[in-house]
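Report on the structure given below.
The values are calculated or read from the model by the stated rules, or taken from the named source; none is laboratory data. Remember, predicted model here, so these are calculated numbers, not experimental data. Reconstructed Cβ throughout: ideal geometry from the backbone, glycine too, with neighbour counts over all protein chains shown.
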């Protein structure tokens, strides 16, 4: 029999960990100023030659940020650069309607960038726990996620409309590639890949592989049937078939 590879596992980053993280910002730190040549003010409004407000530098804006806000000629807010009370930097750029299209923040050592409409479709690029992550979101739900495992192995996951994994792809630290397919309930049903020069296909029920197909490195083909307890019921390997 060929060696049997276990079902693959992966990480699922919930949209709730990152969705809207850069759009709910609270309370600034107040800075004191000293010296005769220093201007001290809680807010500075900058206007153009026509008297239109184009930027506001505030120590405490309406959202509680220490911020520099830029406005278009029509008065729509187009960009914000600011800092939270703990010093966390934040950045946000809006479209012509004032709706956010790019947001960024760095919380401790964890940078996060969100591109697109968070209420519709968006891309998240960031790092969680030192692990780089790229995610595609649709209305707050994770639909695709790419990341690296603990030993640098690349992982790609695709999710169904319920937020459950539908497809998983990984290249292990031993350079063995594996592809896994899941049913609508997120249960792993099929895994195929290579192990030590052998090609293996596992088809399973809701609990474990039940049918294992393989071709060994020496070219010997095999088919194994397993019971519900994982015990081999029938072996149709080339050297066992009469």
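Residues of region 138-189 that are in contact (Cβ under 8 Å) with a residue 12 or more places away in the chain and on the phi > 0 side of the Ramachandran plot: 139, 140, 152, 163, 186.
Taking region 98-125 as the region of interest, how many residues are assigned to a strand (DSSP E or B) and either out of contact with any helix residue (DSSP H, G or I) (no Cβ under 7 Å at 6 or more places or on another chain) or free of Cβ contacts under 8 Å to residues at least 60 places away in the same chain (or both)? Give the derivation first.
We begin by selecting, within region 98-125, every residue assigned to a strand (DSSP E or B); these are 100-107, 110-116, 121-125.
Now restrict to residues that are either out of contact with any helix residue (DSSP H, G or I) (no Cβ under 7 Å at 6 or more places or on another chain) or free of Cβ contacts under 8 Å to residues at least 60 places away in the same chain (or both): 100-107, 110-111, 113-116, 121-123, 125.
Total satisfying the criteria: 18.
Take residue 21 and tell me if it is within 24 Å of the chain's Cα centre (by Cα), part of a loop (DSSP other than H, G, I, E, B) and modelled with pLDDT under 90. It is true that residue 21 is within 24 Å of the chain's Cα centre (by Cα), part of a loop (DSSP other than H, G, I, E, B) and modelled with pLDDT under 90.
Counting residues in region 218-225 that are free of Cβ contacts under 8 Å to residues at least 24 places away in the same chain and within 28 Å of residue 144 (Cα to Cα) gives zero. One residue alone among 155, 151, 141 is within 16 Å of the chain's Cα centre (by Cα) and at pLDDT below 95, and that residue is 141.
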